[in-house]
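Note sheet for the following structure.
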Amino acid sequence: MTVPADLRYTESHEWVRAEADGSVLVGITDFAQDALGDLVYIELPEPGKTYAAGQVIAVVESVKAASDIYAPVAGTVLAVNESLKDAPEGLNQDAFAAWLFRLKPANAADAAGLLDAAGYQKQIESEK
Amino acid sequence: MLKRTPLFELHTAAGARLVDFGGWEMPLNYGSQIEEHHAVRRDCGMFDVSHMRAIDLAGSASREFLRHLLANDIDRLSPGKALYSCLLRSDGGVIDDLIAYRLGAEAGLPGIAYRLVVNASTAEGDLAWMEQVRAARGYTADLALRLRTDLSLIAIQGPRALERVAQAAPQLAEVLGRLGNFQAAACGPWFVARTGYTGEDGCEIALPAADAPAFWQALATAGVAACGLGARDTLRLEAGMNLYGSDMDASVSPLEAGLAWTVDTRFPRDFIGRAALERLQAAGGLRQFLGLRLLGRGVLRSHQDVQAPQGRGEITSGTFSPTLQASIGLARLPAGVQPGDEVTVALRSGPAAARVCRLPFVRHGKALGAAA
């Protein structure tokens with residue numbers, strides 16, 4: 001199972017990519033999409049809304065079950081991946097390319113406090 | 001320790017995602033259950049259903065026993081024909097649903113009078129119940145019941161199923177060429193039935209466990225897609241077929257599970273549960289069993305609450321339909337609700353509108369009527 005080294009991770013299987021402009025892209029990991037199965041609906045947040053870390057910010061629904069996605073850090077939604085809404089299977093095909101939303105973090109340092117690739121690798125090993 | 005079928009190694013080698021199903025470690029999918037679903041509707045897919053069980057009956061009391069045991073009447077059957085029936089408790093509750101085959105010499109199986117194919121999680125309970133009824137009726141000397149754990153079961157379903165099975169196993173071509181719908185015949189130690197759980201053409205083959213891996217591989221070589229339990233569920237739901245444990249269980253009678261058509265009361269036949277069903281029918285107020293199609297985004301799921309003008313109902317099974325590209329479900333609804341009515345379902349995300357539909361939703365790969 002892929003765990004790219006250049007990303008940060010949460011225990012709830014979100015990945016976070018720090019962008020040059022200070023924003024972060026957020027998606028869910030390969031482990032998560034594999035566990036969920038074929039996705040059929042993705043509900044994305046509204047741009048402009050603000051979330052606390054750990055707050056439910058999106059929902060992905062597979063044939064099997066619906067799963068809440070949590071804001072990895074506190075922040076404001078800058079953009080959402082509309083094309084993913086119409087073709088959720090794209091997330092199953094490449095979870096790390098399928099960003100769900102872009103956040104402006106409330107605190108620039110928060111993303112660095114998340115799990116690194118090694119830490120997340122350990123996490124998923126323990127869940128197998 | 002979960003049970004495994006003889007095809008387990010092949011499933012893991014093919015990258016199957018495995019799941020506990022009724023105590024068996026079975027493939028949920030081999031990558032994408034939606035792709036597997038489409039393969040069955042468009043071409044051909046195969047399912048390892050070796051967790052299900054064949055129970056064979058032999059002996060002079062076989063026919064009388066089954067006429068008493070089953071809610072459907074096996075006297076409808078000529079040799080080689082099959083029917084779908086419920087196995088009922090005396091209070092009318094459903095113990096299991098099953099396919100019953102009339103066999104005997106004319107079907108190529110002289111030593112077996114009838115075969116029942118039952119669900120995996122209920123098989124042992126069904127057999128125990130049958131032994132109890134056999135003893136109570138005094139048939140013990142004249143009826144042998146045999147649980148066929150030596151057989152593997154493979155279902156091959158889809159518009160090109162029979163063609164691809166004949167490619168993979170040419171010795172079956174002759175039998176396949178003459179079997180009509182719901183007919184079965186032996187071909188050497190293999191048993192071929194033109195039955196299925198998908199709403200498509202196809203067959204279900206019972207074969208000695210030792211033969212199963214090579215046959216599965218031959219089917220794969222002939223271009224048949226391996227399909228798991230995920231696709232099996234979306235296919236059967238589109239086809240309006242019940243799943244025991246979701247759509248009915250021992251607390252529900254066939255009358256409220258859309259299965260009144262499987263209960264045969266044409267003749268004064270004393271079958272277990274008959275009196276209870278007649279009382280339930282006479283008392284009235286029976287709930288209906290109908291389809292629902294969600295009008296917007298989301299997925300219908302078991303146990304979700306349904307609100308209709310006539311009162312409350314409940315989703316018994318729900319899923320996303322790859323063929324319809326919308327969520328569908330089966331539901332127990334109050335009397336008076338009509339196909340075409342709009343009802344409200346309590347989804348995880350809040351109340352949502354759904355249309356009541358007749359079943360099935362899909363036939364021969366196409367969406368039907370009110371479901372379209």
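Any read-out appearing in this document is the output of simple, stated calculations on the displayed coordinates, not a laboratory observation. All values derive from a computational prediction rather than experimental measurement. Heads up, the Cβs are rebuilt from the backbone with ideal geometry, glycines too, and the neighbour counts pull from every protein chain shown.
Per DSSP H run of n ≥ 4, the term is -39500 (n - 2.57); total these for chain B, divide by its residue number, and report the mean residue ellipticity at 222 nm rounded to 500 deg cm²/dmol.
Working: 9 runs with 82 residues, N = 372.
That calculation yields -6500 deg cm²/dmol at 222 nm.
Of A:Glu127, B:Glu238, A:Glu14, B:Glu131, how do they rank once you tally other Cβ atoms within 10 Å and put the fewest first? Let's see the in-between values first.
Values: A:Glu127 10, B:Glu238 28, A:Glu14 23, B:Glu131 13.
The order, fewest Cβ neighbours first, is A:Glu127, B:Glu131, A:Glu14, B:Glu238.
The trypsin sites (Lys or Arg not before Pro) found in segment B:310-364 include none that occupy coil by DSSP while having at most 10 further C-beta atoms within 10 Å.
Spin-label model, B:Ala214 to B:Arg312: label points 7 Å out along the Cα-to-beta-carbon direction sit 5.8 nm apart.
In a reduced charge model with +1 at each Lys and Arg Cβ and -1 at each Asp and Glu Cβ, segment B:287-371 shows a dipole moment near 200 debye about its Cα centre. Think of the protein assembly as shown as having a plus end and a minus end, set by charges on the Cβ of Lys, Arg, Asp and Glu; of B:Val362, B:Ala16, B:Met26, B:Val362 sits farthest toward the positive end of this dipole.
In the elastic network of chain A, a GNM with C-alpha springs shorter than 10 Å, the most mobile of A:Ser12, A:Ser62, A:Ser83 is A:Ser83. Residues within the reach of a label modelled at B:Thr221 (point 7 angstrom out along Cα to beta-carbon, backbone nitrogen below 14 Å), restricted to segment B:154-178, are B:165-171. With contacts taken as Cα pairs under 8 Å and at least 6 residues apart, chain B reaches a relative contact order of 18 percent.
Backbone N atoms of segment B:13-47 closer than 15 Å to the 7 Å Cα→Cβ label point of A:Thr2 are not found in any residue.
I need the shape label for the protein assembly as shown. Rule: rounded when a/c is under 1.5, else prolate if a/b > b/c, else oblate, with a, b, c from the alpha carbon gyration tensor.
Numbers: a/c = 2.41, a/b = 1.68, b/c = 1.44.
In terms of gyration-tensor shape, prolate.
The stretch between B:Val19 and B:Ser60 holds 10.6 nm of extra length on full extension. This uses 0.36 nm per residue minus the Cα-Cα distance. Taking every alpha-carbon pair under 8 Å whose residues sit at least 6 apart, chain A reaches a relative contact order of 32 percent.
Pick out, from B:Ala82, B:Ser253, B:Ala220, the residue whose Cα sits farthest towards the positive end of the charge dipole of chain B, with +1 on the Cβ of Lys and Arg and -1 on the Cβ of Asp and Glu. Selected residue: B:Ser253. Projecting the Cα positions of A:Ile69, A:Asn92, B:Gly158 onto the charge dipole of the protein assembly as shown (unit charges on Cβ atoms of Lys, Arg, Asp and Glu, taken about the Cα centre) puts B:Gly158 furthest along the positive direction. Between A:Lys104 and B:Glu124, the modelled labels are 6.2 nm apart [label points 7 Å from Cα along Cα→Cβ].
Springs join every pair of Cα atoms under 10 Å in this Gaussian network model of chain B, and among B:Val306, B:Val175, B:Val117 the largest mean-square fluctuation is at B:Val175.
Gain in length, B:Glu278 to B:Leu295, computed as 0.36 nm per residue apart minus the alpha-carbon separation, to one decimal in nm? It would help to have the intermediate numbers written out before the result.
Values: separation 17, 0.36 × 17 = 6.12 nm, distance 3.71 nm.
Here the answer is 2.4 nm.
With charges only on Cβ, +1 for K and R and -1 for D and E, what is the dipole size of chain B about its Cα centre, in debye, rounded to 20? If you can, show how the numbers build up before the last one.
Details: 38 positive and 38 negative charges, 131 e Å.
The dipole magnitude comes to about 620 debye.
Could you give the dipole magnitude of segment B:5-130 about its Cα centre, charging the beta-carbon of Lys and Arg +1 and that of Asp and Glu -1, in debye to the nearest 20?
Numbers: 11 positive and 17 negative charges, 80 e Å.
The dipole of segment B:5-130 has a size of about 380 debye.
For chain B, the Kirkwood hydrodynamic radius from C-alpha pairs, put into Stokes-Einstein at 10 °C and a viscosity of 1.306 mPa s, yields a diffusion coefficient of 75 µm² per second. Database remark: amide H of B:Tyr114 closer than 5 angstrom to the amide H of B:Leu57, B:Leu103 (H placed geometrically; neighbours at sequence offset of 5 or more, or on other chains; Pro and chain starts carry no H). With springs connecting C-alpha atoms under 10 Å apart, model chain B as a Gaussian network and identify which of B:Ala239, B:Ala220, B:Ala155 has the largest mean-square fluctuation. Highest fluctuation among the options: B:Ala220.
Taking square-rooted eigenvalues a ≥ b ≥ c of the alpha carbon gyration tensor, is segment B:247-349 rounded, prolate or oblate, where a/c under 1.5 means rounded and, failing that, a/b exceeding b/c means prolate?
On the way: a/c = 2.59, a/b = 2.04, b/c = 1.27.
It is prolate, given that a/c is not under 1.5 and a/b is the larger ratio.
The label-point distance for A:Ala97 and A:Val56, in a model that sets each label 7 Å from Cα toward Cβ, rounds to 3.1 nm. For segment A:26-50 versus segment B:56-92, the spacing of their alpha-carbon centroids is 50 Å.
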